[in-house]
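Q: The following block contains the structure, expressed as structure tokens.
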Amino acid sequence: MKVVIKLRMMSEFKKGDRVLVLDEDTEGIVLEVNKSDVIIETIDGFELTYRTVELLKVPNDSVDLGKATTRGAIDSALHDKKEPVKRSFIKEKKSKKDEFILEVDLHIEKLVKSFSRLEKYEILNLQLDTARGQLEFAIQNRIQRIVFIHGVGEGILKSELEYLFGRYAEVVYEDANYQKYGIGATQIYIKQNPNR
């Protein structure tokens with residue numbers, strides 16, 4: 001009995017107090033105090049009535065909840081205490097020449113309208129002439145990267161392209177990005193000569 005009396009004396013409730021409900025997972029703000037009953041608004045926004053012996057007063061934290069009487073007021077008080085998150089953006093600068101990649105599709109159907117009457121060696125020569133012309137164009141216009149899409153096939157065009165690229169000292173070649181172009185593509189990088 002002595003403990004209950006002490007709790008009652010310590011737990012004098014007034015409007016705006018933050019309280020916890022004993023034996024339940026409920027908390028709220030006191031809206032109204034009657035003789036032995038207290039009406040609270042829970043965090044979920046419900047108004048419930050409890051006896052004073054069922055409630056426990058919670059000391060106010062750094063947030064001033066004593067002035068808050070509704071959930072919206074509590075949320076705004078908590079929001080005022082939060083500091084804005086600082087964002088930092090680091091953006092790399094790239095030149096437009098580095099971003100540009102010249103793509104040359106050497107499939108014969110992309111080069112001529114009708115190829116049914118062409119012999120295989122004529123098709124190969126046409127593809128190599130196109131590759132040579134595009135490579136010369138890229139060197140003259142200082143384009144650093146070219147992707148030649150040649151397809152898989154028997155590998156004859158790929159080996160001829162590698163032979164062609166090997167004749168240029170400033171050209172380095174490798175297989176192109178598999179995810180973007182698949183297996184049948186070769187990417188070349190043209191080293192830029194500052195004396196040109």
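Q: Among the residues of the stretch 132-140, are any in a loop (DSSP other than H, G, I, E, B) and either within 40 Å of the chain's Cα centre (by Cα) or closer than 12 Å to Val104 by Cβ (or both)?
A: no
Here is a yes/no grid of residues against (1) in contact (Cβ under 8 Å) with a residue 24 or more places away in the chain; (2) among the aliphatic types (A, V, I, L, M); (3) in contact with a helix residue (DSSP H, G or I) (Cβ under 9 Å, 6 or more places away or on another chain):
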| position | (1), (2), (3) |
| --- | --- |
| Gln140 | no, no, no |
| Ile149 | yes, yes, yes |
| Gly153 | yes, no, no |
| Leu161 | yes, yes, yes |
| Phe165 | yes, no, yes |
| Val172 | no, yes, yes |
| Lys180 | no, no, no |
| Ala185 | yes, yes, yes |
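Q: So, Gln187, is that one farther than 17 Å from Ile108 by Cα and surrounded by fewer than 16 Cβ atoms within 10 Å (Cβ to Cβ) or not?
A: Here the answer is no, as Gln187 does not meet what is asked.
Q: Tell me which residues, restricted to the stretch 146-161, are loosely packed, with under 12 Cβ neighbours inside 10 Å and at pLDDT 90 or above.
A: Ser159, the sole residue that qualifies.
Q: Given the residues Glu122, Glu92, which is the only one that is out of contact with any helix residue (DSSP H, G or I) (no Cβ under 9 Å at 6 or more places or on another chain), of a type in the set (Asp, Glu) and modelled with pLDDT of 90 or more?
A: Going through Glu122, Glu92 in turn, the sole match is Glu122.
Q: OK, next. So which residues in the stretch 21-54 are in contact with a Lys or Arg (Cβ under 8 Å, 6 or more places away or on another chain) and either among the aliphatic types (A, V, I, L, M) or over 21 Å from Ala77 (Cβ atoms) (or both)?
A: Result: Ile29, Val30, Leu31, Val33, Ser36, Asp37, Val38, Ile43, Thr52, Val53.
Q: Can you find even one residue in the stretch 3-22 that is of a type in the set (Ser, Thr, Tyr), surrounded by 11 or more Cβ atoms within 10 Å (Cβ to Cβ), at pLDDT 65 or above and not assigned by TED's automatic domain parsing to the domain that holds Gly153?
A: Scanning the stretch 3-22, I find no residue that is of a type in the set (Ser, Thr, Tyr), surrounded by 11 or more Cβ atoms within 10 Å (Cβ to Cβ), at pLDDT 65 or above and not assigned by TED's automatic domain parsing to the domain that holds Gly153, so the answer is no.
The values are calculated or read from the model by the stated rules, or taken from the named source; none is laboratory data. Since we're looking at a predicted model, the values are computed, not measured. Every residue, glycine among them, receives a Cβ derived from its backbone with ideal geometry; neighbour counts consider all protein chains shown.
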